[in-house]
1. Roughly how big is the chain's charge dipole about its Cα centre, with Cβ charges of +1 (Lys, Arg) and -1 (Asp, Glu), in debye to the nearest 20?
2. Amide H of A66: which non-local residues (sequence gap of 5 or more, or other chain) have their own amide H closer than 5 Å, using H built in the peptide plane?
3. Take the alpha-carbon centre of the range 155-196, take the same for the range 78-125, and report the distance between them in whole Å.
4. Check L6: other-chain or 5+ apart residues with amide H under 5 Å from its amide H, H built from backbone geometry?
5. Helix-derived [θ] at 222 nm for the chain: sum -39500 (n - 2.57) over DSSP H runs of at least 4, divide by residue count, nearest 500?
6. Please list, in order along the range 107-124, the HN-Hα scalar couplings obtained from phi with the Karplus expression 6.51 cos²θ - 1.76 cosθ + 1.60 (θ = phi - 60°), rounded to whole Hz, x for Gly and Pro.
7. Through the Karplus equation 6.51 cos²θ - 1.76 cosθ + 1.60, θ set to phi - 60°, convert the phi angles of the range 85-102 into ³J(HN,Hα) values in whole Hz; use x for Gly and Pro.
Amino acid sequence: MALPALKICGLRQPAQAAAVAALGVEAIGVIGVASSPRYLPPEQRQELFAAVTARAPACQGVLVVADPSDAELAQLVAGRGHQVLQLHGNESPERCRELRSQLGVEIWKALRIRAPEDLQRAQAYGEAVDALLLDAWVPDQLGGTGHSLPLDWLIDFQPPLPWWLAGGIRAETVPELLSRLQPDGLDASSGVENSPGEKNLARIVQLLAAMGRPPDRNKHRCQD
């Protein structure tokens, strides 16, 4: 059984983002939603993504946005440091197709799940995006809440493309999760933080170990 990939989301400091990437995670996320406490302004994003690429070239840079307008697209195109645009708003499959065609980056669509029947929405995005990300629905918050989806809802979830699971991802929750589900990736944020945007590297190392990642993936041990 393949081990899932790991994305650490909500980084704000280039040096810490580089240190996290060096632990062997597959993706680093930057928040481009202004209402988030982890928001990073456009003028600071390229420096962070460049630091990640310099330290771990294979680590993908993911920019998280919600319902981007056409006026914002110049900040979202390929060549701005990120390889993936993660959409956390109400983007339709048609809008996702437009953005994938226009921007030249991978498109991941986040689905906020309030009830089991919401999972049926995944089918509509099968040919519109490159991956899905599931997160718990919380009023007035688009992500980073630490709320977990009930695992029972996801037992039979078989979307037509790769999928990531977010919400409450930390070392203590992962063993049961992976004993019951087989997501392609896990997305951690608040569960590995000291405060919004400030990650605890020891917790990330513990999370990787709980995922059963090979020891050499954790060789770059860092201080908190």
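1. Working: 21 positive and 26 negative charges, 140 e Å.
With Lys and Arg at +1 and Asp and Glu at -1, about 680 debye.
2. The list, which skips near neighbours in sequence, is H88.
3. The range 155-196 and the range 78-125 have Cα centres separated by 18 Å.
4. Excluding prolines and chain starts, which carry no amide H, the hits are E26, A27, L186.
5. -7000 deg cm²/dmol
6. 10, 10, 10, 8, 10, 8, 9, 9, 8, x, 5, 5, 5, 5, 4, 4, 4, 5
7. The phi angles translate into 10, 9, 9, 10, x, 9, 4, 7, x, 5, 5, 4, 4, 4, 5, 5, 6, 7 Hz.
Every number in this text was worked out from the coordinates using simple rules, so none of it is lab data. Note that the coordinates shown come from a computational prediction; the quantities given were computed from them, not determined experimentally. A quick note on method: Cβ atoms are made from the backbone with ideal geometry, for glycine too, and the neighbour counts reach across all protein chains shown.
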